[in-house]
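Here's the structure we're looking at; comments come further down.
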Amino acid sequence: MSPIVTEAEVGPTDVLAIRFATADPLAGDHELVLRHRKAGHERRVRAQIPETAVPLTSLELTPGLWDAYLSGAAGEIRLISTDPGFSLDRLDSYALSSRTLGFHAYRTMDGYLALKVRKLLAMAEVRAVWLRERRFEVTGLLAYTGLSDDGVRRNARLIMQQRGSVSSVEVGATVEGVRFHAAMSLFGLLNPGSWEPSLEVDGLGTPLRLSARIDDVLSKRRRLQYPAATVDGMRIQPYYDTRDDLYVGVEA
Amino acid sequence: MKISLLLPTAYGLGGGVRSAFNLAARLADAHEVEIVSVERHREVPFLPLDPRVRLRSLVDTRPESGTAGPMSVAFARLPRLMRTDLALWRYLRTPRTDVLITGRPSLSILAARHAPRRVIRIAREHTPPVPERAGVIKRLYAGLDAVVAVSEVDRGEYASLLAGTGVRIRAIGNSLAPGNRPRSRMDNRIVAAAGRFVPSKSYDRLIHSFAIVVDKRPDWRLRLYGSGPEEKRLRSLVYDRELHNNVYFMGTTADIEGEFAKASVVAVTSRRESGAMSIIEALGCGVPVVSFAGLRGVEEIVESEWNGILVPEGEDDGQAFANALLGLIDDDEQRKKMGVYALETSVRYGSQVIGAFWEELIGELGAGRRS
């Protein structure tokens with residue numbers, strides 16, 4: 001029986017840890033082969049059975065999806081995985097470090113191990129949004145900034161920039177460690193159009209775009225729809241675009 | 001031996017199609033197997049099918065489906081139901097198979113009436129006999145070789161209805177897909193539920209119960225997998241209960257096991273279950289199930305406080321269901337223990353085990369024909 005992957009996860013130091021299950025001990029040397037799904041180029045690293053740890057940063061992986069194979073004397077097999085590849089809490093921990101490239105192990109829909117590599121920008125990951133008491137309220141955590149979850153308070157501001165316009169609205173926000181919370185009156189947003197929220201935190205360079213990308217739910221536009229509020233005849237509704245960036249839409 | 005599984009459609013994604021595909025894949029280890037879909041409305045099936053299993057359809061309902069020759073043009077102009085009936089009748093008169101397994105009562109009745117007697121005809125029943133149709137079933141199912149129910153309780157009802165007819169009655173549960181399946185780590189704060197958004201699935205009950213859960217454990221999320229006519233109403237209910245941050249409408253997926261494996265609990269609030277396929281798949285991923293007691297067939301799979309929790313239906317069952325979810329949410333150790341027992345239970349529904357029951361039945365019926 002071919003080995004199957006029972007655990008696969010990329011840790012905070014960008015090391016891919018894999019645990020294999022095999023019915024019989026495997027003889028000889030083995031290589032883990034990562035092959036770019038579109039471009040076809042590959043990286044080969046020595047793999048120990050039943051456990052191996054692969055530092056990914058030295059492999060110079062380019063963004064995209066990389067399928068995993070195991071190569072040995074008996075040939076090459078695509079690695080079947082029984083592990084979803086992540087825990088939500090560990091994804092949050094992974095997002096604590098400052099990064100420009102992110103690695104994420106996952107099980108494909110047809111049951112194989114793969115690695116997703118993507119470019120990252122520091123961002124404000126949204127966890128909850130409310131329109132209540134005529135305010136837009138949002139909470140979440142700072143991702144890929146390098147700040148620690150130490151509970152230290154920092155000065156911050158929620159900025160709403162109207163798309164295609166120079167109009168912007170600003171309000172003070174609370175940041176403790178990597179957790180943030182902000183609330184803005186809806187009366188300041190009563191111009192029709194789309195508003196792009198971002199968070200400006202003292203000590204961090206550029207404002208952080210409010211998005212939701214690290215909770216394993218892609219395409220939030222379809223899956224997570226927020227209720228609308230009506231203020232002075234204007235309909236206000238937060239929504240996500242196809243990249244899972246948050247907007248606040250205002251219609252007459 | 002050639003085995004054909006006749007389904008209303010092989011192009012959907014419900015439990016009936018999943019279980020038929022799983023059974024076909026297992027039977028293909030030793031037989032020539034085909035799936036015959038009465039209707040075809042997509043280019044390719046939504047769910048993956050074992051490449052050894054042949055798939056064909058009787059009526060192509062895709063708007064772009066071509067017609068060749070004057071007979072085909074005339075056929076395409078017939079009303080849809082008439083086309084289906086005609087195509088089914090034509091197929092059943094000469095099915096070119098040794099074993100015909102029908103996946104719905106209407107198909108079983110037609111198979112009993114029109115399929116040649118040399119073909120072994122087996123009705124695969126996901127529902128109990130409907131009392132209003134008891135007379136029809138009694139009269140027409142007598143022409144079948146066997147009826148296979150998904151649970152013991154259904155088997156008992158078919159057995160008493162068809163007593164003295166000589167039809168073999170068996171209980172064989174639905175089968176998990178062959179091969180390795182994903183296993184939950186049981187550490188994500190996710191409750192999952194899957195099925196069509198129709199009243200009988202009672203997702204409204206689940207959403208009301210989950211509101212109670214969120215009140216106490218706001219960091220837990222409910223992921224609903226499926227689609228259907230109730231979706232708009234359910235989304236409104238989510239807004240009304242201010243659960244929009246906690247309830248995600250995940251849409252349909254061809255890999256429900258992969259999604260269950262991301263969850264720590266699977267909730268089933270149906271008012272009736274027919275093959276309990278989702279329950280078996282959840283257990284197969286090592287995830288405990290919370291459901292209602294008294295659901296036909298479910299008590300044969302879920303043992304309360306062992307591999308899940310069965311909540312008694314009653315006046316305040318929404319609160320009771322929420323309490324059951326909270327009980328598992330708050331007790332990591334118990335939840336993980338139930339996950340292990342869930343895996344143990346799922347062995348009974350492995351494709352090798354279920355496939356062996358089918359092989360035995362088909363072998364018996366084949367031997368009866370030869371003697």
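Overview of results
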| item | result |
| --- | --- |
| Rounded accessible area of B:Glu359 (nearest 10 Å², 1.4 Å probe) | 50 Å² |
| Accessible surface of A:Ile4 - all protein chains present, 1.4 Å probe, nearest 10 Å² | 20 Å² |
| Cα-Cα P(r), the protein assembly as shown, percent of pairs per 20 Å interval | 17, 45, 31, 7, 0 |
| Mean ellipticity per residue at 222 nm, deg cm²/dmol - from DSSP H runs of n ≥ 4 across the protein assembly as shown, formula -39500 (n - 2.57) | -7500 deg cm²/dmol |
| Computed FRET value (nearest 0.05) for A:Arg44 with B:Glu32, which takes r as the C-beta separation and R₀ as 45 Å | 0.65 |
| Whether region B:105-152 is rounded, prolate or oblate, judged on the alpha carbon gyration tensor where a/c under 1.5 counts as rounded | oblate |
| Chain A - Rg and Dmax from Cα coordinates, angstrom | 21.9, 74 |
| 18 Å reach of a label modelled at A:Asp149, 7 Å along Cα-to-Cβ, counting backbone N of region B:215-236 | B:217-221 |
| Heavy atoms of A:Ser194 accessible to a 1.4 Å probe, total area in Å² rounded to 10 | 20 Å² |
| DSSP bridge pairs, chain A: antiparallel proportion in percent, nearest 5 | 95 percent |
| Inter-site label distance for B:Ala254 and B:Thr165 at 7 Å from Cα along Cβ, in nm | 3.8 nm |
| Largest to smallest principal axis extent of the C-alpha atoms in region A:54-109, angstrom | 41, 26, 18 |
| Shape category assigned to chain B from the gyration tensor of Cα positions, a/c cut at 1.5 | prolate |
| Accessible area per residue in Å² at 1.4 Å probe, computed on region A:18-128 | 48 Å² |
| Sulfur and carbon atoms: percent of accessible area, chain A [1.4 Å] | 49 percent |
| Rg/Rh (Cα only; Kirkwood hydrodynamic radius) as it applies to region B:190-349 | 0.92 |
| Protein-protein interface of region A:75-93, residues with accessible area decrease of at least 30 Å², isolated chain reference, 1.4 Å probe | A:Thr82, A:Pro84, A:Phe86, A:Ser87, A:Leu88, A:Asp89 |
| Contact surface A-B: accessible area buried, both sides summed, square angstrom, 1.4 angstrom probe | 2400 Å² |
| Simple spin-label estimate for B:Ala293 and B:Asp85 in nanometres, 7 Å along Cα-Cβ | 4.7 nm |
| Of all accessible heavy-atom area on chain B, the percent that carbon and sulfur account for (1.4 Å) | 51 percent |
| Average accessible surface area per residue within region B:190-349, 1.4 Å rolling probe, Å² | 36 Å² |
| Approximate spin-label separation A:Arg209-A:Ser2, in nm, with each point projected 7 Å along Cα-to-Cβ | 3.8 nm |
| Shielded by partner chains, region B:230-244 residues - at least 10 Å² of accessible area, 1.4 Å probe, vs chain alone | B:Arg235, B:Tyr239, B:Glu242, B:His244 |
| P(r) tail fraction, region A:4-119 - alpha-carbon pairs more than 24 Å apart, % | 20 percent |
| Length-normalised contact order of region A:4-119 in % [C-alpha pairs under 8 Å, at least 6 apart] | 30 percent |
| Listing of region B:163-199 residues, each with accessible area lower by at least 10 Å² in the full protein assembly than in the chain alone (probe 1.4 Å) | B:Asn180, B:Arg181, B:Pro182, B:Arg183, B:Arg185, B:Asp187, B:Asn188, B:Arg189, B:Ile190 |
| Region B:217-297 - Rg over Rh from alpha carbon coordinates, Kirkwood radius | 0.96 |
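The values are calculated or read from the model by the stated rules, or taken from the named source; none is laboratory data. Fair warning: this is a prediction, and the values are worked out from it, not measured in the lab. Reconstructed Cβ throughout: ideal geometry from the backbone, glycine too, with neighbour counts over all protein chains shown. The protein model used for the area step is the full one, side chains on, heavy atoms only, and it has no ligands, DNA or RNA in it. Shrake-Rupley method; radii C 1.70, N 1.55, O 1.52, S 1.80 Å.
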